[in-house]
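Q: Here it is: the structure, laid out below.
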Amino acid sequence: MDHEQFLAMVAQIAHTDRDTAERASQIVLTVLGQHLTRGEAADVLRRLPEELQAYAWSPGSPERFLPEEFLRRVAEREGTDPLTAERHARAVFTALRQAIGPNEYADIRAQLGRHYAALLDAATSVPCVEAVVDAVAAEGGGDHDAARTLIEAVLETLAERIAGGDSDDLAARLPVALHPPLHRGRDADGLSRRMGPDEFVRRVAGRAGLSLDEAARRIPAVFAVLRSIVGDEFFDLSVQLPDQYRPLLGAPRTG
């Protein structure tokens with residue numbers, strides 16, 4: 001893949017123009033280079049178009065940071081916001097996979113770790129955060145901001161209740177903008193994993209600023225949308241919850 005082919009792919013996936021695609025490619029590769037070991041960066045350089053090679057090389061020691069920090073650095077350099085940075089990063093990683101081949105891309109995936117799956121492995125299947133929020137608002141009522149707050153409250157509380165590995169698996173299927181509440185919940189006291197549905201509703205209500213009745217009524221909308229996004233992964237989550245949680249989990253969505 002030559003330079004112009006790389007940029008054309010990024011522009012097409014990110015729905016942007018050629019110059020923006022070039023700038024995004026340079027920045028995403030620069031931040032990626034900060035995370036890679038020198039050996040891995042050298043392997044990537046050999047397969048990138050010559051015009052982009054310098055951007056993936058960092059003279060310092062490799063850093064380790066979560067995808068939220070990755071996108072913060074991209075957004076800061078671009079002068080954009082994390083949502084735009086996420087769209088650009090997914091496009092660049094898709095082009096990168098085509099440019100360097102599956103074996104080298106697998107090595108990058110291994111270095112970045114499972115938290116990066118939403119950026120590395122699902123450029124076309126992970127919805128943007130706005131689509132998730134709009135779906136919850138349509139499913140359960142309320143405006144955009146209230147739906148976003150509710151989603152984050154449910155995710156944080158759910159991560160408190162389920163195993164940490166399952167929380168990470170869920171994060172890999174969701175936009176990076178929704179990872180922080182999962183991380184917060186995952187790091188909570190392990191005793192929370194015994195909470196019943198009434199306590200679940202109470203915590204969501206407190207975090208979302210809702211009454212208990214309103215929280216109980218609107219939580220199923222979040223779970224219904226999650227089910228439609230994560231598919232089989234939702235079964236792995238639901239089996240950890242006792243039968244008393246069924247009213248909260250939402251009915252399977254059809255159509």
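Q: Quick one: helix 82-100 against the long Cα principal axis of the chain, what's the angle to the nearest 10°, folded into 0 to 90?
A: Once rounded, one gets 50 degrees.
Q: Can you tell me the 0 to 90 degree angle between the C-alpha axis of helix 102-112 and the longest principal axis of the chain, rounded to 10?
A: The helix 102-112 is inclined about 60 degrees to the chain.
Q: Another question about this same structure. Write down the accessible area per residue of the chain in Å², having rolled a 1.4 Å probe over the full set of protein chains.
A: Heavy-atom accessible area per residue stands at 45 Å².
Q: Kirkwood hydrodynamic radius, the chain, all distinct C-alpha pairs: what's the number in Å?
A: Across the chain, the inverse of the average 1/r is 19.3 Å.
Q: Can I ask one more? Translational diffusion coefficient, Stokes-Einstein: compute it for the stretch 14-105 using the Kirkwood radius over C-alpha pairs as Rh, at 37 °C and 0.692 mPa s, and state it as an integer in µm² s⁻¹.
A: The Stokes-Einstein estimate is 249 µm²/s.
Q: What list of ³J(HN,Hα) values in whole Hz, one per residue of the stretch 201-213 in order, does the Karplus curve 6.51 cos²θ - 1.76 cosθ + 1.60 (θ = phi - 60°) give from phi, with Gly and Pro shown as x?
A: Rounded to whole hertz, the list is 4, 4, 5, 4, 4, x, 6, 9, x, 10, 6, 4, 5.
Q: Take the alpha carbon atoms of the stretch 71-206, find their radius of gyration, then divide it by 2.2 N^0.38 Å using N residues; give the quotient.
A: 1.16
Q: In the chain, carbon and sulfur make up what percent of the accessible area (probe 1.4 Å)?
A: Summing carbon and sulfur atoms, their accessible area is 49 percent of the total for the chain.
Q: If you take the C-alpha gyration tensor of the stretch 164-246, multiply each eigenvalue by 5 and take the square root, what semi-axes do you get, largest first, in whole Å?
A: Its equivalent ellipsoid spans semi-axes of 19, 15, 14 Å.
Q: Report, in degrees rounded to the nearest 10, the 0 to 90 angle that the Cα long axis of helix 3-14 makes with the longest principal axis of the chain.
A: 20 degrees
The values are calculated or read from the model by the stated rules, or taken from the named source; none is laboratory data. Since we're looking at a predicted model, the values are computed, not measured. With ligands, DNA and RNA removed, areas are computed over all heavy atoms of the protein, side chains included. Shrake-Rupley method; radii C 1.70, N 1.55, O 1.52, S 1.80 Å.
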